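Comments concern the structure below.
Only the coordinates and a few stated rules stand behind these numbers; no lab work does. Model, not experiment: these values are computed from the prediction. In this analysis, Cβ positions are derived from the backbone assuming ideal geometry, glycine residues included, and neighbour counts consider all displayed protein chains.
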Amino acid sequence: MLLPSDDASHTYESAFHVDADSVSVDGLNLLTENTKGGNLAILTIGPQGTAVEVVEAQEEPFVQGWMPKNGDITKCLPVPTPVYTFSGVGKLAITYVVVPVAPGAESPMTGIRPLHVRAGNLACSAGVLTMANGKEIYFAQREPGDIRMAVGEGETDSESGALFADRSGRVERISLATGAGIWGDGTQLSPNDSIV
């Protein structure tokens, strides 16, 4: 969550220095491509206009895309470094889901899509993670405040939470950081309820 102290437009950047042979980028999502060892997927939902650029071994206009060799900052190796850039006025939210991928395996998460979310004037973000086994994880987060968050066609009083659903849309589990629950059509959802 980005909470500026003024009403001016601001540009933000966030960078991930990944120790990888190379990376592939699909929209805002990234997957490392190590030939040995494990990999890493980064799935992203950002404000409109969010972009990602992979920088490696950059020296100008500033140093970017390097990693110390064995912890020695005098001996750096070039590494692919995804740099996410976005701009906006007022409160903004961006979500990064970082997923470890076992050596020789496919990512257990195959995609992410945003959900329409609103929580008054509070910064918030929500989306759906799709897993390789067909299950989905619906998640939402907002800055602290005493207000309900509308997520898709439901709502929650939690500041942060996740709903785990099987391939048929049956709720398997609900995890909330705060709050009492998640409601759909005015009815509180529980495990075994359907969300489709």
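Here are some notes:
- Taking only the C-alpha atoms of the range 24-78, the Rg (one decimal) and the largest Cα-Cα distance, Dmax (whole number), read 14.0, 39 Å.
- Averaging the sequence gap over all C-alpha pairs within less than 8 Å and six or more residues apart, then dividing by the number of residues, gives the range 108-196 a relative contact order of 21 percent.
- At 1.567 mPa s and 4 °C, Stokes diffusion of the range 1-105 via Kirkwood alpha-carbon radius, µm² per second: 86
- DSSP beta bridges fully contained in the range 1-130 are about 95 percent antiparallel.
- Here the chain is treated with +1 on each Lys and Arg Cβ and -1 on each Asp and Glu Cβ, and its dipole about the Cα centre works out to around 400 debye.
- Annotation: the residues Leu31, Leu2, sorted from fewest to most other C-beta atoms within 10 Å of their own C-beta, follow the order Leu2, Leu31.
- Summary value for the range 49-109: 30 percent relative contact order, contacts being C-alpha pairs under 8 angstrom separated by 6+ residues.
- Couplings for the range 190-195, taken from phi via the Karplus curve 6.51 cos²θ - 1.76 cosθ + 1.60 with θ = phi - 60°, read 9, x, 5, 6, 9, 10 Hz in order; Gly and Pro are left as x.
- Gain upon complete extension [Val55, Glu143; 0.36 nm per residue less C-alpha separation]: 28.6 nm
- Fraction in percent of alpha-carbon pairs per bin - 5 Å, the range 108-196: 3, 16, 26, 27, 17, 8, 2, 0
- Distance from the range 160-186 to the range 3-47 (C-alpha centre basis), Å: 27
- Ellipsoid equivalent to the chain - semi-axes via the Cα gyration tensor, in Å: 34, 23, 12
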